[in-house]
Amino acid sequence: MPQIPTVTLNDGTSFAELGLGTYNLRGEDGIAAIVAAIESGYRLLDTAVNYENEREVGEAVRRSGLDRDALLVTSKIPGRHHGYNEAIASIEGSLATLGLDRIDLQLIHWPNPSVGKYVDTWRGMIEARERGLVRSIGVSNFTEAMLTELADETGVTPAVNQVELHPYFPQDALRAFHTAHGIRTESWSPLARRSELLTEQILIELAEIHAVTPTQIVLRWHVEIGSTPIPKSADVERQRENADVFGFSLTDEQVVAISALERGRLWGGDPNTHEEM
Ligand SMILES: NC(=O)C1=CN([C@@H]2O[C@H](COP(=O)(O)OP(=O)(O)OC[C@H]3O[C@@H](n4cnc5c(N)ncnc54)[C@H](OP(=O)(O)O)[C@@H]3O)[C@@H](O)[C@H]2O)C=CC1
Ligand SMILES: O=C(O)C(=O)[C@@H](O)[C@H](O)C(=O)CO
């Protein structure tokens, strides 16, 4: 398995071009699945307070036997922890549950605009970074206007915005905004949660041309558009398949053909209205 390449974030730290989603990976089976992924070359692990599996992720980091600095752990502050002091307490809680002394990338999980506290939350995260509790700070599910507000109010631009992104929802305008402002895009549900996406004719045709699977075509598309996908799989063979996308490339025309599958958001998670506590 080739090494997963890295990119540099706007704060100068290194970030993986592909990582592991861990939603629903829990208990001993979850730990075993995460350790298996690390053994297959994954270095970026994506968790959240709301996944109720930070303990498992921390345990997998320890069981992997890898140097702590070789791994990147992301966690996320839930809506019920928004606020300056609450954000710092949330991060301290995540560190305790993970059993780690640093989170590599801390995100605000959802902006929850009706609560009106994401700027305060962001200020708390800036403080947490200054205290060394977290290394990089970013957001998830933020719109262009919300990203602009954070930067204007605090002078600190998020390093990452993790958003719904897959060929059915390529997010061209938001990605262009990220590029213009030095924000790394990260794709959640990059496989569209194994929906009918993987049976689309264009993906089957491209898979034949490149002698890979339709899933690998989708994940390579994320790499080509400059976004870090975090596919979740509990199965070691599928984890290996998903990470093995750095030995071929797509042409510009092939990328455009995949993006033409666009339909829009799949699960109604509009950041302007979706509230998640
Ligand atoms: N910030 C946010 O608001 C959100 C963040 N996320 C993050 O993004 C991660 C990924 O998103 P997720 O919603 O899990 O969906 P994904 O798009 O990663 O799809 C996961 C599904 O695809 C299956 N799968 C994985 N690999 C393959 C393969 N090679 N072939 C066929 N099926 C496959 C998995 O099954 P199996 O496990 O059996 O392989 C699982 O059913 C989450 O785990 C979470 O970490 C997700 C949603 C929102
Ligand atoms: O998995 C996550 O991180 C989530 O935030 C999900 O709950 C996500 O919000 C979702 O499924 C939206 O429909």
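Could you say which residue among R175, R194 is modelled with pLDDT under 95 and more than 17 Å from L107 (Cβ to Cβ)?
Going through R175, R194 in turn, the sole match is R194.
Quick one: count up the residues across the stretch 238-269 that are open to solvent by 50 Å² or more (accessible area, probe 1.4 Å) and within 16 Å of ligand 2 (Cβ to nearest atom).
5
Filter the stretch 89-127 for residues that are within 25 Å of E144 (Cα to Cα) and assigned to a strand (DSSP E or B) and give the result.
Listed by number, the residues that qualify are D104, L105, Q106, L107, I108.
Take the residues in the stretch 214-226 that are crowded, with 23+ Cβ neighbours inside 10 Å and either of a type outside the set (A, V, I, L, M) or free of Cβ contacts under 8 Å to residues at least 12 places away in the same chain (or both), then tell me which one is nearest to L165 (Cα to Cα).
Top of the filtered list is H222.
So which strands (runs of 3 or more DSSP E) stay within the stretch 10-88 end to end and still have 1 or more residues that are within 16 Å of ligand 2 (Cβ to nearest atom) and among the polar types (S, T, N, Q)? Even if it seems obvious, please write down each step before you answer.
Values: elements: 14-16, 44-46, 72-77.
Once the strands (runs of 3 or more DSSP E) in the stretch 10-88 are filtered for at least 1 residues that are within 16 Å of ligand 2 (Cβ to nearest atom) and among the polar types (S, T, N, Q), what remains is 72-77.
What number of residues in the stretch 14-35 are closer than 16 Å to D46 by Cβ and open to solvent by less than 50 Å² (accessible area, probe 1.4 Å)?
The total comes to 14.
Any residue in the stretch 75-94 that is open to solvent by less than 10 Å² (accessible area, probe 1.4 Å), at pLDDT 95 or above, closer than 28 Å to V245 by Cβ and within 12 Å of ligand 1 (Cβ to nearest atom)?
yes
Which residue, of V139, V134, is away from ligand 2 (no atom under 16 Å from the Cβ), under 18 Å from the mean Cα position of the chain (by Cα) and modelled with pLDDT of 95 or more?
Residue meeting the stated conditions: V134.
Going by the structure shown, is N24 in contact with a Pro (Cβ under 8 Å, 6 or more places away or on another chain) and either within 11 Å of ligand 1 (Cβ to nearest atom) or at pLDDT 95 or above (or both)?
Here the answer is no, as N24 does not meet what is asked.
Would a scan of the stretch 194-213 turn up a residue that is open to solvent by 30 Å² or more (accessible area, probe 1.4 Å), within 16 Å of the chain's Cα centre (by Cα) and not hydrophobic (A, V, I, L, M, F, W, C)?
No, every residue in the stretch 194-213 fails to be open to solvent by 30 Å² or more (accessible area, probe 1.4 Å), within 16 Å of the chain's Cα centre (by Cα) and not hydrophobic (A, V, I, L, M, F, W, C).
Only residues that are touching a residue at least 60 places away in the same chain (Cβ under 8 Å) and either closer than 14 Å to W267 by Cα or within 16 Å of ligand 2 (Cβ to nearest atom) (or both): list them for the stretch 168-185, please.
Y168, F169
Table: residues versus (1) polar (S, T, N, Q); (2) within 21 Å of the chain's Cα centre (by Cα); (3) in a loop (DSSP other than H, G, I, E, B).
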{"position": "P158", "(1), (2), (3)": "no, yes, yes"}
{"position": "Q162", "(1), (2), (3)": "yes, yes, no"}
{"position": "S187", "(1), (2), (3)": "yes, yes, no"}
{"position": "P190", "(1), (2), (3)": "no, yes, yes"}
{"position": "T228", "(1), (2), (3)": "yes, yes, no"}
{"position": "R238", "(1), (2), (3)": "no, yes, no"}
{"position": "G247", "(1), (2), (3)": "no, no, yes"}
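The values are calculated or read from the model by the stated rules, or taken from the named source; none is laboratory data. In this text the structure is predicted, and so the values were computed from the model without any measurement. Heads up, the Cβs are rebuilt from the backbone with ideal geometry, glycines too, and the neighbour counts pull from every protein chain shown. We work out accessible area using only protein heavy atoms, side chains counted, and drop any ligands, DNA or RNA first. Shrake-Rupley method; radii C 1.70, N 1.55, O 1.52, S 1.80 Å.
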